[in-house]
Each structure stands twice: as structure tokens, then as C-alpha cells.
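Peer 1: What follows is a structure written as C-alpha cells; I'll ask about it next.
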């Protein structure tokens with residue numbers, strides 16, 4: 001008995017000393033991934049009713065709730081981990097119906113994703129459901145070549161739904177009385193439809209590749225009676241928005257595409273705001289950006305452009321180095337900065353009366369998000385509607401002026417909230433599973449460190465609980481790359497999952513540092529668009545390396561047992577780390593990353609660039625495969641072979657090069673799966689495999 005006791009004690013001590021933290025683990029990956037993820041929060045304009053999509057372990061359904069109690073009610077009843085996403089959820093202004101798209105866009109072979117290998121191939125389809133009974137009916141059966149088909153728009157009179165697909169606009173009666181039909185038939189690709197308030201006109205972008213027009217379609221009984229082109233030119237006009245009185249249309253203008261430009265020099269992209277009256281369709285410019293790189297069109301421009309009820313145009317610009325909201329009258333004049341300070345704005349919506357702007361930002365809390373409100377006309381400082389250690393995003397203000405949002409924290413996953421003066425109130429308390437391990441999660445620490453060239457880098461440090469002796473460390477690198485990881489569960493489903501995995505890894509004894517490297521958002525324009533990044537030099541890898549240096553400095557991290565993992569662009573950086581610094585990174589897990597960046601200088605548009613040869617040299621030197629001779633550490637490669645974001649050939653090609661150089665690698669390939677896995681159990685399997693892989697190679701246990 002004593003002998004067995006001593007053996008048990010020795011095994012226990014070895015496990016503790018090795019850092020495997022078998023004692024520390026107190027929850028499973030299934031538990032920390034068990035909470036339903038909310039998305040597509042929307043609201044009716046005339047009644048205080050909200051709707052959203054819950055993804056509950058891969059089972060996706062529409063839910064609704066009404067003021068004042070906001071008791072959640074499941075509207076649709078799709079069953080199982082079926083791999084069919086729900087997107088573009090919209091609700092009629094009277095709250096009587098919801099419309100949504102179910103299924104994925106088409107791949108290059110013209111197929112929707114079928115990760116369950118169903119004998120009946122799924123199709124992407126538009127649906128409508130009455131909020132009284134939830135019974136869905138087809139709006140139309142339109143396959144589409146890109147994600148634009150998910151852009152559903154309900155007419156203000158609640159009679160019609162229009163959306164872009166197969167280069168044209170499609171329209172269907174919302175009552176489902178007939179199939180969808182093509183509304184437009186014009187050269188080019190119709191995008192970004194916007195209904196007038198009287199439901200008699202649709203403004204849209206007509207993209208003709210090197211230039212684009214704003215077109216107004218007069219619509220009667222579901223058919224076009226006339227087209228009007230707004231000031232056609234050689235430029236690219238985009239994102240049309242109507243004023244509330246139907247008298248004006250606002251749009252953005254950029255220069256037309258120019259061929260033969262240099263590849264290595266990142267040129268500014270100036271832009272301007274235009275307003276057209278709808279009586280004569282005569283546009284005039286009301287605002288023009290500067291000519292510097294900070295004056296280029298911001299990445300959030302399509303989401304931020306709004307027209308207030310008091311006739312102010314709201315737009316965002318990074319002219320002062322941060323993504324801020326500005327306001328200008330429809331007739332031009334003085335421009336007002338609405339959100340001054342060293343922070344950036346993200347989600348933007350108008351208040352119920354249309355006179356204020358509700359937005360999310362990282363003001364005063366750079367690694368979180370909170371909700372703010374400011375008058376559209378300016379003159380007052382923004383007022384915080386939420387604050388503290390929580391995170392909030394996707395704000396909406398209802399007809400009764402109640403503000404709703406999605407939110408999370410370091411230890412609670414994303415759920416639906418109501419913002420009150422006393423704080424936020426959870427509207428979906430029963431959605432959180434009883435065994436969700438909130439009390440067992442760690443609160444990540446905000447850490448700041450310097451990169452090799454002096455750049456300040458932010459990260460989140462997950463420390464295992466009760467760790468005393470040095471154990472293994474991990475670097476996590478996000479994808480995008482225009483993303484930001486936060487001090488809590490992330491607003492994006494992909495990174496909400498990754499945050500859960502980092503929590504699980506911490507429970508297994510790994511100290512995890514999530515690095516917000518340059519190219520990421522919310523740290524200012526100059527950080528997001530730093531020089532010599534991506535295929536132009538991959539200088540962002542310096543920040544990843546600096547993260548490893550920081551990890552190695554911690555007394556609770558064994559400098560010889562550091563790994564790295566990430567997906568997409570994070571997979572690329574994982575491969576870079578293993579290829580260039582196998583002396584630092586002992587193992588890695590690469591989710592759908594890139595081994596070569598040469599495709600960016602082999603495109604048709606690059607053929608006549610004056611610096612093509614130099615660009616090709618730099619792109620190759622910025623690729624992991626250029627350092628394959630130095631790659632020694634083992635790697636786990638994971639990807640779905642129907643990936644529409646990163647070509648599956650990237651993994652195929654990298655695997656062959658690893659084989660030829662005798663580098664140990666494991667692989668997990670999911671047939672018919674896309675970039676952001678559609679099946680919940682694929683996330684569970686891949687995260688379990690990730691943890692096992694690191695335990696084997698960094699802990700010496702399996």
C-alpha cells in the first residue's frame with residue numbers, strides 16, 4: 001500500500017513540476033464552449049421588439065424579445081449541429097416578421113458549404129418568419145457568388161425584400177406569395193441597395209470594376225420603371241444613404257482604379273462626400289479628405305455613414321490618427337469632430353429619434369469596448385452608457401429609447417443586455433448553461449511591452465491559477481489581421497471561441513499571451529497601417545517575437561517550453577515563428593494559415609507594376625516557406641478543404657515542404673468545412689487536439 005502511495009505521490013509531483021497542471025484543470029473544453037453565441041442583433045423601428053441569432057453548439061435559431069420585460073422567445077426551431085449559418089437577420093418596422101438568410105455563399109465551384117456531407121446538398125436561401133408563430137417560408141432560392149447575397153433589405157412599408165446576388169438585385173414579396181425575381185438587369189454588379197422612406201425608390205452601387213455609379217431605381221409593384229444615374233464619372237461612387245425626408249442621397253466617392261502602380265509603396269486613398277437632391281439628381285461635394293495616408297478611406301466607412309433626422313451626415317475619418325466620428329450638414333459647411341481623444345470608434349447607429357449617435361469605442365479603456373452617445377450636431381461631449389470591467393458592442397436604441405447591446409466580460413461569455421443608469425441588465429440569464437465555468441476562469445491581465453523597433457504592443461496574459469513553478473508558455477496570434485483581442489470574450493464568434501480555448505489552455509497549466517501585433521485595429525491609424533508589414537516585409541513578426549521575449553522573462557514560464565498558435569493570419573505568423581525561430585518556439589498549431597505570400601504579387605493587376613521584381617523578392621522573404629531550412633519544431637496543421645478565405649493549397653503545399661525537410665507535422669483536415677468552422681464539434685475536436693499537441697510537445701505528457 002505504501003509503495004503504491006509513494007508512486008502516486010511521485011507521479012503527482014512530476015505532473016506539478018512539469019507544469020502540466022493536471023490538478024488545476026477543473027472544467028472541459030465543451031463546458032467553456034457551451035454558451036450560445038448571440039449575433040445579428042436587430043430591432044423594429046416602430047415597436048420595442050428585438051431579434052437576434054443564437055448559435056447553441058452549432059444549432060442556430062432566431063430569438064425575439066419584447067419590452068418591457070424582454071423575456072426571450074425562440075422563434076425558429078432548426079435542430080442539431082447542422083453547419084447552416086443564419087445571417088442578415090432583419091425585422092420589419094412593425095415587428096411582425098423577420099427575414100434572414102440560411103446557408104453559406106457559393107465557393108468557386110458554385111456550391112454552398114456541406115460540412116456534414118449531407119446527401120442533399122444545402123443551398124443558401126432567403127426566408128421570412130412571422131413573429132407570432134415562427135413558421136418560416138421561402139423568399140426565394142437564389143445561390144450567390146459572394147457574401148453580398150446576405151445583404152437583405154426590407155422596404156419601409158414592409159411589403160418587399162431586396163438583396164444583391166449574381167450581379168443583380170433580387171426582389172421578393174415579404175408575404176412569400178411568389179418567388180424572388182431579378183429586379184435589375186444592368187452591366188456590372190449591383191450592390192448596397194438602400195430603400196427610400198416611401199418605398200418607391202432604391203439607391204444602389206453599380207460596380208463596373210475600375211469605376212462605379214450610384215443608380216436610383218424607381219420601383220412599382222416589384223418592378224423597375226426607370227433608372228437615374230447620379231453624376232456618372234471615372235471614379236468609384238459607393239454606399240448610398242437617403243435622408244429621412246427622401247429629398248437627398250449621400251454617397252462616397254473614391255478615385256477610379258489605376259493600373260501600373262507600384263506595389264511596394266502604399267499610396268493614400270483620398271475620398272469625398274457627395275449629396276444629391278432627388279428632384280433633379282444633381283450631386284455636389286460637401287467634404288473632401290486630405291491627401292496623406294491618414295486621410296485614406298477608413299475600413300469602417302461603410303458602417304459609420306449615417307444621415308441624422310436633423311440633416312447631419314455622420315462619417316468616420318482617421319485624419320487625426322484615430323478612427324473618429326465627424327458631422328457635417330447636408331448643405332456642407334463646418335465639419336464637427338464628435339469623438340475627440342486617443343481612441344477609436346467601431347459600431348455606429350442612430351438613436352431612436354435620429355438626432356444622436358450611439359456607438360462603441362475603446363475610449364478610456366483601450367482593450368475593451370463600451371457604449372457611448374453623442375448628439376449628431378455635436379456641441380456636447382460623448383456620454384458613456386456603459387463602463388467598468390465589462391465589454392459591450394452592437395448597440396441599438398429602440399422606439400421607447402431603451403438601449404440594447406451584446407456584452408461579455410473576462411469570465412462571462414457574450415449575451416444580450418439592456419443598458420440602464422445603474423448598469424447593464426442581462427436579458428438572457430437562462431441562456432448561460434448551469435455548468436458554465438465562470439468562477440473557474442482566470443481574469444487576463446493587460447500587459448504592455450516594447451517590440452524590437454520600439455513600438456508599444458498590447459496583450460492579454462492568461463496565468464494559470466495557483467501556479468508556483470515554471471511551466472510551459474504559449475503565444476496566441478489572431479487573424480485578420482485587422483482585429484483586436486480584448487480583456488474578455490470577443491465580439492466576433494471566431495475569437496469568442498479562441499478566447500475560450502485560451503482559458504482552457506490556462507486551466508491546463510499553460511501561461512498564454514495573446515499578442516495584439518501591429519496591423520491590428522483600435523490603437524490608431526499608424527499602428528494599423530505600419531510600414532513594411534504583411535508581404536511587404538512582415539515587420540509585425542517583430543511584435544510576436546517580442547511577446548515571446550516577454551513570456552520568457554516571467555518566472556512562472558520555462559523559456560525552453562514556449563509554443564505558438566493562431567488561425568488565418570495568425571496561422572501565417574505561427575508558421576513564421578516556427579520557420580524563423582524554432583530555437584524559441586518549440587511547437588506550434590497552425591489553423592488555415594499561409595506558407596507563402598507570393599500570390600499577392602502574382603495577380604493580374606500586378607503584372608505591369610514598375611517594381612514587380614523587387615516586390616516578388618520581398619514577398620518571398622516575408623513568407624514562412626523562405627525559411628523552411630531553419631524549421632525544426634513540430635507543428636499541427638488544421639484546415640477545412642472548402643476554405644473560402646485561405647486557399648487550401650497553402651496547407652497542401654506547406655505540408656509537402658515540411659515532409660521534404662523532415663519536419664514533424666500532424667494534420668487535421670475537415671472535408672467540406674470552411675474557414676470559420678461551421679460545425680461546433682469541429683471546434684471541440686480541433687481545440688482538444690491543440691491542447692493535446694501542446695501537452696505532448698511542451699510537457700512531455702500525452
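The values are calculated or read from the model by the stated rules, or taken from the named source; none is laboratory data. What you see is a predicted model, and the numbers here were worked out from it, not measured in a lab. A quick note on method: Cβ atoms are made from the backbone with ideal geometry, for glycine too, and the neighbour counts reach across all protein chains shown.
Peer 1: Working only within region 495-514, note down all residues that are farther than 21 Å from residue 366 by Cα and under 16 Å from the mean Cα position of the chain (by Cα).
Peer 2: Residue satisfying the conditions is 497 alone.
Peer 1: Regarding region 90-98, can at least one residue be identified that is surrounded by fewer than 21 Cβ atoms within 10 Å (Cβ to Cβ) and over 30 Å from residue 425 (Cβ atoms)?
Peer 2: no
Peer 1: On the given criteria, is residue 403 buried (at least 17 other Cβ atoms within 10 Å of the Cβ), free of Cβ contacts under 8 Å to residues at least 60 places away in the same chain and in the same structural domain as residue 344 (by TED's automatic domain parsing)?
Peer 2: Criteria met by residue 403.
Peer 1: Now for a separate question. Tell me yes or no: at least one residue of region 360-371 is closer than 28 Å to residue 489 by Cβ, over 23 Å from the mean Cα position of the chain (by Cα), free of Cβ contacts under 8 Å to residues at least 40 places away in the same chain and surrounded by fewer than 22 Cβ atoms within 10 Å (Cβ to Cβ).
Peer 2: No, every residue in region 360-371 fails to be closer than 28 Å to residue 489 by Cβ, over 23 Å from the mean Cα position of the chain (by Cα), free of Cβ contacts under 8 Å to residues at least 40 places away in the same chain and surrounded by fewer than 22 Cβ atoms within 10 Å (Cβ to Cβ).
Peer 1: So, in region 237-263, how many residues would count as being within 18 Å of residue 329 (Cβ to Cβ), surrounded by fewer than 20 Cβ atoms within 10 Å (Cβ to Cβ) and within 27 Å of the chain's Cα centre (by Cα)?
Peer 2: Here the count works out to 1.
Peer 1: Taking the condition surrounded by fewer than 20 Cβ atoms within 10 Å (Cβ to Cβ) and more than 30 Å from residue 403 (Cα to Cα), does residue 121 pass?
Peer 2: yes
Peer 1: List the strands (runs of 3 or more DSSP E) inside region 199-270, counting only whole elements, that have at least 2 residues being within 21 Å of residue 315 (Cα to Cα) and either in contact (Cβ under 8 Å) with a residue 60 or more places away in the chain or in contact with a strand residue (DSSP E or B) (Cβ under 6 Å, 6 or more places away or on another chain) (or both).
Peer 2: Filter on region 199-270 gives 201-207, 212-220, 236-242, 248-254.
Peer 1: Give me a count of the residues in region 344-374 that are outside any loop (DSSP other than H, G, I, E, B) and over 15 Å from residue 524 (Cα atoms).
Peer 2: Summing the residues that are outside any loop (DSSP other than H, G, I, E, B) and over 15 Å from residue 524 (Cα atoms) in region 344-374 gives 14.
Peer 1: Moving on to the next point. Can you find a residue that is assigned by TED's automatic domain parsing to the domain that holds residue 516, assigned to a strand (DSSP E or B), modelled with pLDDT of 95 or more and more than 22 Å from residue 669 (Cβ to Cβ) anywhere in region 562-578?
Peer 2: Yes: one or more hits.
Peer 1: Now for a different question. Do we have residue 547 as under 19 Å from the mean Cα position of the chain (by Cα) and either at pLDDT below 95 or outside any loop (DSSP other than H, G, I, E, B) (or both) here?
Peer 2: No.
Peer 1: Shifting gears a bit: Being under 30 Å from residue 294 (Cβ atoms) and touching a strand residue (DSSP E or B) at 6+ places or on another chain (Cβ under 6 Å) narrows it down to one residue among 509, 479; which is it?
Peer 2: Result of the check over 509, 479: 479.
Peer 1: Could you run through region 122-137 and say how many residues are more than 27 Å from the chain's Cα centre (by Cα), outside any strand (DSSP E or B) and at pLDDT 90 or above?
Peer 2: 2
Peer 1: Take the conditions more than 18 Å from residue 478 (Cα to Cα), in contact (Cβ under 8 Å) with a residue 60 or more places away in the chain, in contact with a helix residue (DSSP H, G or I) (Cβ under 7 Å, 6 or more places away or on another chain) and surrounded by fewer than 21 Cβ atoms within 10 Å (Cβ to Cβ) and apply them to residue 628. Does it pass?
Peer 2: Criteria not met by residue 628.
Peer 1: OK, next. Check residue 682 against each of (1) more than 21 Å from residue 578 (Cα to Cα); (2) touching a residue at least 60 places away in the same chain (Cβ under 8 Å); (3) not in a helix (DSSP H, G or I) and name the one condition it does not meet.
Peer 2: (3)
Peer 1: So, one more: Residue by residue through region 270-287, note down the ones that are over 23 Å from residue 217 (Cα atoms) and surrounded by fewer than 14 Cβ atoms within 10 Å (Cβ to Cβ).
Peer 2: Matches in region 270-287: none.
Peer 1: Still on this structure, I have one more. How about region 631-656: which of its residues are surrounded by 14 or more Cβ atoms within 10 Å (Cβ to Cβ) and farther than 23 Å from residue 696 by Cβ?
Peer 2: 640, 641, 642, 643, 644, 646, 647, 648, 650, 652, 653, listed by residue number.
Peer 1: Continuing with this model, one more query. Only one of (1) at pLDDT below 95; (2) under 27 Å from the mean Cα position of the chain (by Cα); (3) assigned to a loop (DSSP other than H, G, I, E, B) fails for residue 599. Which number is that?
Peer 2: (3)
Peer 1: Taking the condition of being farther than 25 Å from residue 676 by Cα and either part of a loop (DSSP other than H, G, I, E, B) or at pLDDT below 95 (or both), how many residues in region 452-484 meet it?
Peer 2: Going through region 452-484 one residue at a time, the tally reaches 12.
Peer 1: Another question, if that's okay. Got a number for residues in region 492-502 being part of a loop (DSSP other than H, G, I, E, B) and closer than 18 Å to residue 458 by Cα?
Peer 2: Count: 0.
Peer 1: If you scan region 400-446, which residues turn out to be in a loop (DSSP other than H, G, I, E, B) and in contact with a strand residue (DSSP E or B) (Cβ under 8 Å, 6 or more places away or on another chain)?
Peer 2: 402, 409, 413, 414, 427, 428, 432, 442, 444 - these are the residues of region 400-446 that are in a loop (DSSP other than H, G, I, E, B) and in contact with a strand residue (DSSP E or B) (Cβ under 8 Å, 6 or more places away or on another chain).
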